[in-house]
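Down below is the structure, laid out as structure tokens.
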Amino acid sequence: MRVDTASERSLLVATDLTRAYRGGKGVFNIRLRLAAGEVVGVMGPNGSGKTTLLRLLATAATPTSGQVSWFGSTNARDPSVRRRLGVMLDQAAHFDEMTGYQNAWFFAHQFGLSDELARERLDELFSWSGLSEARDQLVGQYSLGMRRRLNLVEALVHRPSILLLDEPTLALDYRAELDLIERLQLLSLTGTAVVLATNDVHLAERLCDSILFLHQGRIIREGHVPELLTEVAGSKEVQLQLNSPVGLEAIRALAAVEAANVDGDTVHIILARGANPAQVLAVLNGTADLVSNMRVRRPNLGDLFLKLTGVALPVAHR
Amino acid sequence: MMLAGTIWQRELVEFAQRRRALVIKLAFPLLIAIPLVLSRAPSIYAAMALTMLIAIVGALGAGAVLTRERQTGLTLRYRTLPVTPGRLLIERLSTNSAIDFVQLIPVLVLIALRRPSTFAWWPALLLSTAAVLLIGNLMGAIASTLSQSPGEVMLYVVIPLLPLLYLSGIFTPPSEPALLVVSRLLPFSYLHEALLGALGGQPNLLPWETLLGGLGFLVGAAGLTGRLGRRVFESD
């Protein structure tokens, strides 16, 4: 175990963190510093390395090179480190032959809670998560959304200093997402640091202090949310829903177009400040029945990612 | 509702809640053992079949469960618990072995009732059964790190197990001195000797020698289990 003064100031410090898998996948040279109360979002398309990074920070995977320091300790197996981490991994894994409450009770005790404290906190968290009525039901009978909510209960029950959440809003309904945002904001105010991997731009914009954009395992941009949003301020995102495929070359050739990408039957176009969406339609002139729907809106973090990489973030599933 | 806060308690609670599996686990060895013990089958064959049964019971159960946990992501969750992998594996496998032992108690009782005069062999039989179950569980745990599915784990368990059983001399008694030495280095030979003795056959070892062999392997397996925790829980 190594302790240094720089690590003591931050709850978590990742230095040149690399985890390489066969085929070139993984994360490479990640640097991250997390202070108490800070909320950091990790955004990137599928396969960009978000889950790998979360696993490394959660001690569930070991780096190929580089290191992570948690509370000044670089020993990932140190029980005192793990007791202060609250982890929600991408897979909603539980003991399916046990009830939701039995699962949560087991994890609460593993993280050192007494019977009394576990009972008190689980009662509150089951009520908060809307799982009270299903607490005595076998987890094998839970829906994905219920399993994810149980994961959240288990990650929060021991009141960790750092929360590491992988796609926390996946399979949650809108109400549950709002409850989660509110809870995480409160926890942040009381000093809990949060790292969340997400493609939910609304969650990221409402909750995160800063964002890391991951692309092909590397950080391609990082910064505070307002600062990142100014990079696309004034521009517009145009979404064209098309009846049949169209080549993007002509659209991309327009000076007003900063980025364009196809996602299913929808073309996402980022228009430069002051540009008129009619310019795009003019390119499609003579094919009026091609466009079945058109939407123009204020750009968000997903649009900045598209502008930076030419790749659209997947739509967050709910 | 039974609540479990520790790893070994959780194993027991889950086992107790799976009523159907509980009945099958208790009935399956007994169904194999009844004709072997109660019929006039030569004790050498009965001991051979029961040694194989006990070794397979230990290895397959642990292998299948751990492979399924790897697939569903539970192994990753174990890695984030504030518990060392060695302690985790010891708690899990020792509890599983104890459950397997309970599963085999009706078989052992049946042998004792059939041959009450061979009571001198019972301590050796109990210890060598426990040792083979723990070693079988350990083999299953290691096989789970190589397997993609619970079905595949059977392959990785049986491939090493059959030659080891052969080398233990349970199919044919070792004729060469070198093979005899090899058989004494394998835990299955002590279980086979204990079963032969308890079933009224002609074992090559004395009860106390078999008892010491079983004890040695039990202690050795416990030590090895602690050391293999990282291999089982942290291999990708």
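No value in this document is a laboratory result; all are computed from the given coordinates. Keep in mind that what you see is a predicted model, and the values were worked out from it rather than measured. FYI the Cβ positions are ideal-geometry reconstructions off the backbone, even for glycines, and counts take in every protein chain you see.
Send over the per residue convex hull volume for chain B, Cα only, as a whole number of Å³.
It comes to 125 Å³ per residue, whole-number rounded.
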Hey, with R₀ at 56 Å, roughly what FRET efficiency would B:Glu176 and A:Leu144 work out to, going by the Cβ-Cβ distance, to 0.05? 0.40
Listed residue (A:Gly72, A:Leu32, A:Asn243) projecting farthest to the positive dipole end of the protein assembly as shown, Cβ model: A:Gly72
With a Förster radius of 51 Å, plug the Cβ-Cβ distance of B:Ser149 and A:Ala272 into 1/(1 + (r/R0)^6) and report the FRET value to the nearest 0.05. 0.45
Give the distance, in whole Å, between the Cα centre of region A:136-165 and the Cα centre of region A:69-106. 11 Å
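Once you have a ≥ b ≥ c as the square roots of the Cα gyration tensor eigenvalues for region A:108-200, tell me rounded if a/c is under 1.5, and otherwise prolate or oblate according to whether a/b is larger than b/c.
Values: a/c = 1.70, a/b = 1.05, b/c = 1.61.
Cα axes put region A:108-200 in the oblate bin.
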Bin width 5 Å, origin at 0, all Cα-Cα pairs of region B:113-226: what percent of pairs per bin? 2, 13, 20, 20, 19, 13, 8, 4, 1, 0
Measuring from the longest principal axis of the C-alpha atoms of chain B, the long axis of helix B:122-144 (C-alpha) lies at a number of degrees, nearest 10, equal to 40 degrees
If each residue's Cβ is checked for other Cβ atoms within 10 Å, how do A:Leu313, B:Leu218, B:Leu191 rank with the fewest at the top? B:Leu218, A:Leu313, B:Leu191
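Per Stokes-Einstein, at 10 °C and 1.306 mPa s, what whole-number D in µm² s⁻¹ belongs to region A:234-298, with the Kirkwood radius over Cα pairs as the hydrodynamic radius?
Values: Rh = 11.7 Å.
Stokes-Einstein gives a translational diffusion coefficient of 136 µm²/s.
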If one builds a Gaussian network model of chain B from Cα atoms under 10 Å apart, the most fluctuating residue listed among B:Ser175, B:Ser39, B:Ser144 is B:Ser175
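For chain A, what is Rg from Cα atoms divided by 2.2 N^0.38 Å, rounded to two decimals?
My calculation over the Cα atoms of chain A gives 1.11.
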May I ask you to sort A:Ser114, B:Ser43 by Cβ crowding, counting other Cβ atoms within 10 Å and putting the fewest first? A:Ser114, B:Ser43
With label points built 7 Å along Cα→Cβ from the Cα atoms of A:Asp16 and B:Ser39, find their separation and express it in nm. 6.9 nm
Could you state the angle between the C-alpha long axis of helix B:187-198 and the longest principal axis of the C-alpha atoms of chain B, as a value from 0 to 90 degrees rounded to the nearest 10? 50 degrees
Across region B:74-91, in residue order, what do the Karplus-derived ³J(HN,Hα) couplings come to in whole Hz, using 6.51 cos²θ - 1.76 cosθ + 1.60 with θ = phi - 60° and x for Gly and Pro? 5, 4, 4, 5, 4, 5, 8, 7, x, 9, 6, x, x, 5, 4, 5, 4, 4
Furthest towards positive pole of dipole, B:Val181, B:Leu110, B:Val65, structure part region B:45-233, Cβ charges: B:Val65
So for A:Tyr101, B:Tyr190, A:Tyr174, fewest C-beta neighbours within 10 Å to most, what's the order? A:Tyr174, A:Tyr101, B:Tyr190
Non-local amide H neighbours of A:Ala197 (under 5 Å, H modeled in plane, Pro and chain starts lacking H): which ones? A:Val42, A:Leu165, A:Asp166, A:Glu167
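What is the Å³ per residue value for the convex hull set by the Cα atoms of the protein assembly as shown? List each step's numbers first, then the result.
On the way: hull volume 103.8 nm³, N = 554.
Convex hull volume per residue, Cα atoms: 187 Å³.
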Starting from the amide H of A:Arg221, placed 1.01 Å from N in the peptide plane, find each other amide H under 5 Å away whose residue is 5 or more places distant or on another chain. A:Phe213
Expected vector for region B:6-13, Karplus 3J(HN,Hα) from phi with 6.51, -1.76, 1.60 and θ = phi - 60°, integer Hz, x for Gly and Pro, equals 10, 5, 5, 5, 4, 4, 5, 4
Can you list residues whose amide H is under 5 Å from A:Met98's amide H, if they're 5+ apart or on another chain and H is modeled 1.01 Å from N? A:Val139, A:Gly140
What does the helix-only formula give at 222 nm for the protein assembly as shown: each DSSP H stretch with n ≥ 4 adding -39500 (n - 2.57), the total divided by the residues, and the result rounded to the nearest 500 deg cm²/dmol? -16500 deg cm²/dmol
Within region A:268-285, which residues have the backbone N less than 19 Å from the label spot 7 Å out from A:Ala250 along Cα→beta-carbon, could you tell me? A:268-271, A:276-285
HN-Hα J in Hz across region B:98-105 - Karplus 6.51, -1.76, 1.60, θ = phi - 60°, x for Gly and Pro: 5, 5, 4, 5, 4, 4, 8, 4
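Roughly how big is region A:5-229's charge dipole about its Cα centre, with Cβ charges of +1 (Lys, Arg) and -1 (Asp, Glu), in debye to the nearest 20? Write down the numbers at each step before the final one.
Numbers: 24 positive and 26 negative charges, 183 e Å.
So the magnitude is around 880 debye.
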Which is farthest toward the positive dipole end of region B:45-233 among B:Leu127, B:Phe101, B:Thr172, measuring Cα position about the Cα centre, with Cβ charges +1 (Lys, Arg) and -1 (Asp, Glu)? B:Phe101
